[in-house]
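Enquirer: First the structure, then my questions, so here it is.
Derivation of every value follows stated rules applied to the coordinates shown; laboratory data play no part. Every value quoted in this text rests on a predicted model; they were computed, and no experiment measured them. Note that each Cβ is placed from the backbone with ideal geometry, even for glycine, and that neighbours are counted across all protein chains shown.
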């Protein structure tokens, strides 16, 4: 294990690797929770959020006179290095730990305290001149720090990654909708032929869905601006100055450029995480939109000869280890698998959100992990889907025309002229005889050739009237 130093906490002595900035409580968590170590450690967004919260707390404590200015400056400098990503390797803890996130909070306290001690020229682990609890965690509890970290990390990741990825895909689809506004294609309902639409209209529906999903996400993000800091252990604010919650939220807003505020009711902020559950639900809705778009694209592109084959998509890689020349809609498949994972994550978050017993919900880490994973997966998958699939979509005009001209549902245009029942007779005869609609209509003597040609206009059927 290399050289070790001895750290102490309330339970006694703990050997800690000499080169590490973390302390006794972090090491105890490493030893006690070997669960999902390879996959479930908190990453950059959470570490950054911890740095922001601790920096803001130090500044606020100094302003309120409960922390010496020189100590606050040391914490501020160390926290800035955490924000910048310099010490990410010093945050090794897994999601499956205490449900309040206490070990992760202490991980941040210990790393920042020890780094501040280094900056002061002291000995790591000495807790002099900066103590992880008395100074870095001043006016705070894990019970209000971790909810604040949850909100800060989620807001920043929505703004940094997911919302831009959605905007990028939306712009591509909107441009395609304009480019293909005049392409008349066969509509389908119940997986059966329906009346015509334009490809532009189909794509405009995807654009509108993305716009709605963005609206839901932004509303959910805005609900996350309320921070639990100032509630400390159970929501009463014990051991924190009266204005700490308001002032620390204001400082976090200054650091992040986001309009964070102090939560109006700290008891709700600690014991329930409804805003995170709501954010997860908005992510689930976004995943549903992604599933719809990706499934439609791969169905429209199915074939290329025995399927619909109405759209062509980029050939990204060989699709089979045994069938030469086979190409699969892999970007669509990847996006739909991400959607399924997001649905599962949301189910976990929804259940975890119900586990607020008395003054604390102790499922905080899993809520945060699943929400951030959903954001990351959707961001990456939507961006890849846009760049490697949607930008290369083109209509197969010949195949589309064949399907439109062969459709029995063009008979719908005859309804206003000869009635529903007579129109149905024409469609059913054409289907049973294998003839065209025109041939069936003339054979039944329900429509003249001139009227049929005048009334059956696929392009006109794509708009009201």
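Enquirer: Please list 128-137, 353-362 highest first by mean number of surrounding beta-carbon atoms within 10 Å per residue.
Expert: For the peptides 128-137, 353-362, the packing ranking is 128-137, 353-362.
Enquirer: In whole Å, what is the distance between the alpha-carbon centres of region 289-314 and region 418-442?
Expert: What the calculation gives is 30 Å, centre to centre.
Enquirer: Tell me, what is the FRET efficiency for residue 168 and residue 448 to the nearest 0.05, using R0 = 60 angstrom and their Cβ-Cβ distance as r?
Expert: Efficiency, rounded to the nearest 0.05: 0.70.
Enquirer: On to the next question. Kirkwood hydrodynamic radius of region 196-319 from all distinct Cα pairs, in Å?
Expert: 18.2 Å
Enquirer: Quick one: angle between helix 102-119 and the longest Cα principal axis of the chain, in degrees between 0 and 90, rounded to 10, please.
Expert: The angle comes out near 60 degrees.
Enquirer: A further question on this structure: If the viscosity is 1.306 mPa s and the temperature 10 °C, what translational diffusion coefficient in µm²/s does Stokes-Einstein give for region 250-355 when Rh comes from Kirkwood over Cα pairs?
Expert: 92 µm²/s
Enquirer: For a quick size check, give me the Cα extents of region 406-462 along its three principal axes, largest first, whole Å.
Expert: Taking max minus min along each principal axis of the Cα atoms, region 406-462 gives 27, 20, 19 Å.
Enquirer: Also: Using all alpha carbons of region 1-47, what is the percent of pairwise distances in each 5 Å bin, ordered from the shortest bin to the longest?
Expert: 5, 19, 23, 23, 18, 11, 1
Enquirer: In units of 2.2 N^0.38 Å, what is the alpha-carbon radius of gyration of region 308-387?
Expert: Working: Rg = 18.5 Å, N = 80, 2.2 N^0.38 = 11.6 Å.
Normalised Rg, Cα atoms only: 1.59.
Enquirer: Size of region 383-437 along its principal axes in angstrom, Cα-based, largest extent first?
Expert: Result, largest extent first: 49, 23, 14 Å.
Enquirer: Sorted by mean Cβ packing within 10 Å, highest first, what order do the peptides 367-374, 305-312 take?
Expert: In decreasing order of mean packing, 367-374, 305-312 become 367-374, 305-312.
Enquirer: Which distance in Å, rounded to a whole number, links the C-alpha centroids of region 52-131 and region 178-208?
Expert: That distance is 56 Å.
Enquirer: With everything on Cα atoms, drop me the angle between helix 44-63 and the longest principal axis of the chain, reported from 0 to 90° to the nearest 10.
Expert: Relative to the chain, helix 44-63 is tipped by roughly 50 degrees.
Enquirer: OK, next. By DSSP, what percent of the beta bridges with both residues in the chain are antiparallel, rounded to the nearest 5?
Expert: 90 percent
Enquirer: Can you give the convex hull volume per residue for the Cα atoms of region 318-454, as a whole number of Å³?
Expert: 249 Å³
Enquirer: Given axes a ≥ b ≥ c from the Cα gyration tensor, I'd like to know whether region 242-285 is rounded (a/c under 1.5), prolate (a/b larger than b/c) or oblate.
Expert: It is oblate, given that a/c is not under 1.5 and a/b is not larger than b/c.
Enquirer: Taking Rh as the Kirkwood radius computed over C-alpha pairs, what is the Stokes-Einstein D of the chain at 37 °C in a medium of viscosity 0.692 mPa s, expressed in µm² per second?
Expert: D, rounded to a whole number, is 128 µm²/s.
Enquirer: Can you tell me, using C-alpha contacts under 8 Å and at least 6 residues apart, the relative contact order of region 144-397 as a whole percent?
Expert: 24 percent
Enquirer: Moving to a separate point now. Once Rh is set to the Kirkwood radius over Cα pairs, what Stokes-Einstein translational diffusion coefficient, in µm²/s, holds for region 137-231 at a temperature of 37 °C and a viscosity of 0.692 mPa s?
Expert: Result for D is 201 µm²/s.
Enquirer: A further question on this structure: Per 5 Å bin, what is the whole-percent P(r) computed from every C-alpha pair distance within region 144-397?
Expert: Percent of pairs per bin, in order: 1, 6, 12, 15, 14, 12, 10, 8, 7, 5, 4, 3, 1, 0, 0.
Enquirer: Give the peptides 117-126, 379-388 in descending order of average Cβ contacts within 10 Å, highest first.
Expert: 379-388, 117-126
Enquirer: Can you tell me the Rg and Dmax of region 64-204, counting just the alpha carbons, in angstroms?
Expert: 26.0, 78
Enquirer: What do you get for the angle between helix 274-300 and the principal long axis of the chain? Use alpha-carbon atoms, 0 to 90 degrees, nearest ten.
Expert: Taking Cα atoms only, the helix is inclined about 30 degrees.
Enquirer: Would you calculate a helix-derived [θ] at 222 nm for the chain, using -39,500 (n - 2.57) for each DSSP H run of n ≥ 4 and dividing by the full residue count, to the nearest 500?
Expert: Theoretical 222 nm ellipticity from helices: -18000 deg cm²/dmol.
Enquirer: Arrange 377, 11 by Cβ neighbour counts within 10 Å, fewest through most, would you?
Expert: Values: 377 21, 11 9.
Result, fewest neighbours first: 11, 377.
Enquirer: Note down the relative contact order for the chain as a percent, whole number, built from C-alpha pairs under 8 angstrom at least six residues apart.
Expert: About 15 percent, as a whole number.
Enquirer: Using only alpha carbon pairs under 8 Å that are at least six residues apart, calculate the relative contact order of region 4-138 and give it in whole percent.
Expert: Details: 211 pairs, mean separation 38.9, N = 135.
29 percent.
Enquirer: While we're here: Over all distinct Cα pairs, what is the inverse of the mean 1/r for region 192-247, reported as the Kirkwood hydrodynamic radius in Å? If you can, show how the numbers build up before the last one.
Expert: Numbers: mean 1/r = 0.0644 Å⁻¹.
Evaluated over region 192-247, this radius sits at 15.5 Å.
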